[in-house]
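A short worksheet on the structure shown next.
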Amino acid sequence: MITRRLVVSVAGVLTGASVLFVQPAAASPPQTAGREPVAEGYGGAVSTVDPDASRAALDVLRRGGNAMDAAVAAAATLGVTEPYSAGLAGGGFIVYYDARHRRVHTVDGRETAPRAMTATSLEGVPFDDAVTSGLSAGVPGSVAQWELALRRFGTISLGRALRPAIEVASRGFTVDQTFHDQTAANAARFKDFTSTARLYLPGGAPPPVGSVFRNPELAETYRQLGSRGGSWLYGGRLGSEIVATVKNPPVVPGSTRTVRPGLMELSDLTAYRAIERPPTKVTYRGMDVYGMAPPSSGGSTVGEALNILEALPKVGAHEYLEASRLAFADRGRYVGDIPGVPLRELLSDGFAKERACLVGERAIAHPAAPGDPDGTYGPCRAATPSQATPTPAEGPETTHLVVTDRSGNVAAYNITIESTGGNGIVVPGRGFLLNNELTDFTFGPAPGDPNLPGPGKRPRSSMAPTIVLSGGRPLLAVGSPGGSTIITTVLQILVNRWDLGMSLPEALAAPRATQRNTAQTQAEQGFLDRYGAELTLRGHSFTPNPEIGAATAVEFLGGGRLQAVAEPTRRGGGSALVVSGRR
Ligand code: GLU
């Protein structure tokens, strides 16, 4: 009740003072049966991009499992139904609210570079070659993350959590347009690997929409993983097969593709650890916003941008883009998997004020230079543009899910294999693709860049699973796929919700724009129609992007009522479910 009042009053005050900059797009009817973008009710809720994964989570909740149990079950199921975005050979980040202790935790399951990788290992490698290679495969983090997450916060075993995924992999799921299109978009490389072509191009073509797709080999892999545990991967037989595939990819005889082998050894798998880390935290308009700390830049960049917005007299489209531009300039300069990231200063109000005073009537000249998070803040400091680090390209992949249970625990979970289709290489006979997460490193040469590769290092991520508390109680959780646009999608949804007074479904459906210290701002057509002309006059320049992000979220409406929200149309629409329609 308290939280609900706060939300209403915040939105009420601020919309009066703000330029309303994003109108919600009209919600379209769901494309496929079972896809509902909004569900309200009690006793637990889930939102994912996929009905099978949402049902898997709901099933776990209904049998008494908690939010972490259900999040792992849904992630494993996404490894079946969204295998080009998620999988056991990928990685990810979980932000978790533990209702009993009223604390937010995070579990880092990010992939690592093999120990043989150095700062120059990717230098001179064409990006496209790296995308489909053994070289870009990081040591998988997801299985270790699931085990750690269940051990610390869950109530069921890994084997139990994998059961819904095993069932979906065995009985099959109905191929939808998204799965078909993603397979077709990958066909040119999938056909070059014997294992991948056999699994995903049966008969030489993508499975047709409406057909049933089964993956019995993945069902068996999950089954064995459940009974043998993670050590089967981290040092055991499955690990050896992963290493063999990375070092000697199963290229189709006669293929002209050059596939660079990887540097991974079994000892890299043995050395892998998922890590529990403190979350990032900023306070925004009285609410506590928790996010993912390095090696993700999600929490620090969303947090800094929110702090900058809070330091400005009004919040509109221009301010949203400028705050994001400045936060990305700092992300590029300071954030990576290195010691000494100045996280506290990047998230301090003093630093935000210093950055905010660069926001004027006109767009900041590109590229914005990083600030100086040195703990001493005063009047506006104009930084030197030559210090600016460009934001590298990152693709629109990955997936995000949220789950909450009857006790009020909340999981916000981004899982990924990086590119849509990872590195394109299925481990023969095991039914899953390898990741190409190491393409998230800066390839170099780039002296001083915090995101150069290194032995055992985790590539910087943009994943931003986010949980908002008010008065110590959960109010909202949100996240999205989309490479570095993840950060702006999460930021824009929070601004839509809190500053512009939209409901959560409206905040997700609204047209998006993403400014990441790039010369041009990418924007969906609806955003351009509404703001393009006025922002161009203020010095912004745009390039169209048909679809930015595919968010999932949940809001606590007060009195135990929950609102689970998924995309109405992006990526074919998501799936929001609640445990019960009635209290
Ligand atoms: N590799 C990306 C990251 O960690 C996620 C994949 C994507 O969304 O492109 O930020």
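Select, from Leu528, Leu469, the only residue that is hydrophobic (A, V, I, L, M, F, W, C), farther than 25 Å from Asn436 by Cα and open to solvent by less than 20 Å² (accessible area, probe 1.4 Å).
The match here is Leu469.
So Asp129 clears everything in (1) at pLDDT 95 or above; (2) crowded, with 18+ Cβ neighbours inside 10 Å; (3) closer than 20 Å to Thr420 by Cα except one condition, right? Which one?
Here Asp129 meets the rest and fails (2).
Please tell me if Gly41 is outside any helix (DSSP H, G or I), of a type in the set (Gly, Ala, Ser), open to solvent by less than 10 Å² (accessible area, probe 1.4 Å) and at pLDDT 95 or above.
For Gly41, the condition - outside any helix (DSSP H, G or I), of a type in the set (Gly, Ala, Ser), open to solvent by less than 10 Å² (accessible area, probe 1.4 Å) and at pLDDT 95 or above - is met.
Please go through the stretch 412-429 and pick out each residue that is in a loop (DSSP other than H, G, I, E, B) and either within 13 Å of the ligand (Cβ to nearest atom) or open to solvent by 30 Å² or more (accessible area, probe 1.4 Å) (or both).
Those that are in a loop (DSSP other than H, G, I, E, B) and either within 13 Å of the ligand (Cβ to nearest atom) or open to solvent by 30 Å² or more (accessible area, probe 1.4 Å) (or both): Ile417, Glu418, Ser419, Thr420, Gly421, Gly422, Asn423, Pro428, Gly429.
Could you please tell me which pairs satisfy a Cβ distance under 7 Å, a separation of 6+ or placement on different chains, a first residue in the stretch 261-285 that is within 18 Å of Arg344 (Cα to Cα), and a second residue that is open to solvent by 50 Å² or more (accessible area, probe 1.4 Å) and at pLDDT 95 or above?
Tyr284/Glu310
Any chance you could count how many residues in the stretch 458-480 are within 28 Å of Ala271 (Cα to Cα) and part of a loop (DSSP other than H, G, I, E, B)?
Summing the residues that are within 28 Å of Ala271 (Cα to Cα) and part of a loop (DSSP other than H, G, I, E, B) in the stretch 458-480 gives 7.
Given the conditions (1) under 23 Å from the mean Cα position of the chain (by Cα); (2) open to solvent by 30 Å² or more (accessible area, probe 1.4 Å); (3) among the hydrophobic types (A, V, I, L, M, F, W, C), which single one is not true for Leu135?
It fails just one condition, (2).
If you check Thr536 against the conditions, is it modelled with pLDDT of 95 or more, of a type in the set (S, T, N, Q), out of contact with any Lys or Arg (no Cβ under 6 Å at 6 or more places or on another chain) and open to solvent by less than 20 Å² (accessible area, probe 1.4 Å)?
Considered against the rule, which asks whether it is modelled with pLDDT of 95 or more, of a type in the set (S, T, N, Q), out of contact with any Lys or Arg (no Cβ under 6 Å at 6 or more places or on another chain) and open to solvent by less than 20 Å² (accessible area, probe 1.4 Å), Thr536 comes out as no.
Counting residues that are modelled with pLDDT of 95 or more and closer than 30 Å to Gln145 by Cα, which helices (runs of 4 or more DSSP H) fully inside the stretch 270-386 reach at least 1?
Filter on the stretch 270-386 gives 298-310, 317-334, 343-346.
Going through the stretch 55-103 one residue at a time, which ones are more than 15 Å from Ala149 (Cα to Cα), open to solvent by less than 10 Å² (accessible area, probe 1.4 Å) and part of a loop (DSSP other than H, G, I, E, B)?
Pro83, Tyr84, Ser85, Ala86, Gly87, Ala89, Gly90
Please verify whether the stretch 432-449 includes one or more residues that are within 27 Å of Thr552 (Cα to Cα) and away from the ligand (no atom under 16 Å from the Cβ).
Within the stretch 432-449, one or more residues are within 27 Å of Thr552 (Cα to Cα) and away from the ligand (no atom under 16 Å from the Cβ).
Considering only the stretch 436-474, state which residues are touching a residue at least 60 places away in the same chain (Cβ under 8 Å) and acidic (Asp, Glu).
Within the stretch 436-474, Glu437, Asp449 meet the criteria.
Within the stretch 269-287, is even one residue under 30 Å from Arg198 (Cβ atoms) and not hydrophobic (A, V, I, L, M, F, W, C)?
Within the stretch 269-287, one or more residues are under 30 Å from Arg198 (Cβ atoms) and not hydrophobic (A, V, I, L, M, F, W, C).
Evaluate the following for Leu494: is it more than 16 Å from the ligand (Cβ to nearest atom) and more than 24 Å from Arg331 (Cα to Cα)?
Here the answer is no, as Leu494 does not meet what is asked.
Report the residue count in the stretch 179-229 for those that are among the hydroxyl-bearing types (Ser, Thr, Tyr) and surrounded by 21 or more Cβ atoms within 10 Å (Cβ to Cβ).
6
For residues that are among the aromatic types (Phe, Trp, Tyr) and in contact with a Gly (Cβ under 7 Å, 6 or more places away or on another chain), tally how many sit in the stretch 174-200.
Result for the stretch 174-200: 2.
Find the strands (runs of 3 or more DSSP E) located wholly in the stretch 518-583 whose residues include 2 or more that are of a type in the set (A, V, I, L, M), and list them.
Filter on the stretch 518-583 gives 552-558, 561-566, 575-580.
Can you tell me which of Thr488, Thr442 is more than 30 Å from Pro206 (Cβ to Cβ), open to solvent by less than 10 Å² (accessible area, probe 1.4 Å) and either outside any loop (DSSP other than H, G, I, E, B) or among the β-branched types (Val, Ile, Thr) (or both)?
Step by step, each of Thr488, Thr442 is checked, and only Thr488 is more than 30 Å from Pro206 (Cβ to Cβ), open to solvent by less than 10 Å² (accessible area, probe 1.4 Å) and either outside any loop (DSSP other than H, G, I, E, B) or among the β-branched types (Val, Ile, Thr) (or both).
The values are calculated or read from the model by the stated rules, or taken from the named source; none is laboratory data. Please read these numbers as outputs of a predicted model, since none were measured by experiment. Cβ coordinates were reconstructed from backbone atoms using ideal geometry, including for glycine residues, and neighbour counts include every protein chain displayed. These accessible areas exclude ligands, DNA and RNA; they are computed on the full protein's heavy atoms, side chains included. Shrake-Rupley method; radii C 1.70, N 1.55, O 1.52, S 1.80 Å.
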